[in-house]
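Step one of this worksheet: look at the structure below.
All of the numbers you see were taken from the coordinates with simple rules; none came from a lab. Source: prediction; values computed, not measured. Neighbour counts run over all protein chains shown; Cβ positions are idealised from the backbone, glycine included.
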Amino acid sequence: MMTNKRLRQFIEYLSRQNIVWAPQRIGGELVMERVSDPKNVELSSELPLHSFKKILVPPQEALFNYENNKIFPAVNPPGQVIFGLTVVDLKAVTFLNQIFAKDPHFQNRLKKALIIGQSLMPKGKHQFFLEKFEEDVLEHLKFDVFLAAQKDKFLVYTGSEDGQRILDDFGHKDYEHIEYVGPIREAGLDSQMQKIRGKFYEDDKIWQDLGKICIECGKCTLICPCCFCFDIFDQPDLKAGAGKRCRAWTACFYTDFSEVAGREIEKKKPKFLRSTPERIRFWYEHKFVRCPDEISLPGCVGCGRCTKVCPVGIDIKENLQRILKGKLK
Ligand code: SF4
Ligand code: SF4
């Protein structure tokens, strides 16, 4: 067990030696930000508006630099601590770990990050797919240390050798180790997800209705902890023969996202998503059909952030209920 007082000392200990990111209230909003004063860290059931995504998958990053026909690796990311992730966000880390399983940039960042999760379950009106915290979910989540709240104390679990090492160094020996067995539970996809998958193509009018109000701002994708599409582009340096290759977040709602190579026809570049209804359906289809089919995991963890930021009030929970024609948990 770790007491509240000891937990505060642990956060201070981590902050003395590392870059630490944790939920903090800034301008009234809980956000995941770099910690400058450990006293400001807030451990609660509220989900921070910004997730961990910007830390593990930066909005823009250099993949490599080049100069005079030689390629140099991009700057090695620093080791950092990502503190206080709820089970919802740990599921998203685990999902991205599957998606980027062969991506050395993501894997390097994840390896160098210490992920510290916690068991307080979000209860906001926008969230769904949430179960109560059960210890058996831990073997399917990527984390280094996990704090399971027990009134005013925390049961401590480790999910990696790095987690064990940091607790040993801090002087906390009372923990249990949980071995990661992979992201997929024995029961496979959750039953609601299977129903959504099965009914996805029944009501095509939903996409026409949503297409009339969506303004294609892409905020839902940028805020989503599971959206991972990116653009790749070169940034030449003014020095002859030098530059860098970068990647940056993009969104399937942007018109240039679906441009493909090919002959221009009637001054229009070839595209595969030509209208707003097509683009919004594509986004949902990716999360609730293609991801489950390809990796047996949904591309959505039910955090509700996309609903919170949508400027025209598009509510993913309502839309999934409409697809299901029933209530979501
Ligand atoms: S609820 Fe929205 S923001 Fe959250 S994971 Fe699902 S699609 Fe992404
Ligand atoms: S945030 Fe709302 S309006 Fe913007 S692209 Fe997403 S669904 Fe459309």
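A few remarks follow.
- Projected-area mean, the chain, by convex hull of Cα positions, square nanometres: 20.0 nm²
- Alpha-carbon spread of segment 190-329, three principal axes, descending order, Å: 61, 34, 31
- Between Phe64 and Lys199, the FRET efficiency estimated from the beta carbon spacing at R0 = 41 angstrom works out to 0.40.
- Semi-axis lengths (Å, descending) of the ellipsoid that matches the C-alpha gyration tensor of segment 60-117: 28, 13, 7
- Cross-link reach list, aspartates and glutamates versus Lys325, counting only Cα pairs under 13 Å and skipping chain neighbours closer than eight places: Glu202, Asp203
- When each of Lys5/Lys102; Lys111/Lys317; Lys91/Lys195; Lys153/Lys195; Lys5/Lys132 is checked by Cα-Cα distance, pairs over 31 Å: Lys5/Lys102; Lys111/Lys317; Lys153/Lys195
- Segment 12-25 - phi-based ³J(HN,Hα) in whole Hz, Karplus 6.51/-1.76/1.60, Gly and Pro as x: 4, 4, 5, 5, 5, 10, 9, 6, 10, 10, 7, x, 9, 8
- Proximity of backbone amide H atoms, modeled 1.01 Å from N, is registered between Ser119 and Leu147, Ala149 at under 5 Å, excluding neighbours fewer than 5 places apart on the same chain.
- Calculated from backbone phi, Karplus (6.51, -1.76, 1.60) coupling profile of segment 200-212 in Hz, x at Gly/Pro: 4, 9, 6, 10, 7, 5, 4, 6, 5, 4, 5, x, 6
- Database note for the chain: Cys without another Cys beta carbon under 4.7 angstrom, Cys214, Cys217, Cys226, Cys229, Cys246, Cys252, Cys291, Cys300, Cys303, Cys310.
- Segment 2-188: C-alpha pair distances exceeding 25 Å, %: 35 percent
- The chain: most fluctuating residue of Gly159, Gly241, Gly211 per GNM, C-alpha cutoff 10 Å: Gly241
- In segment 9-116, GluC sites (Glu not before Pro) in a DSSP loop with at most 14 other beta-carbon atoms within 10 Å: Glu42
- Rg to Rh, two decimals, where segment 10-109 supplies the alpha carbon set and Rh follows Kirkwood: 1.04
- Residue exposure sequence - Val312, Val93, Val41 - by fewest surrounding Cβ within 10 Å: Val312, Val41, Val93
- Counted over segment 2-188, the DSSP beta bridges are approximately 60% antiparallel.
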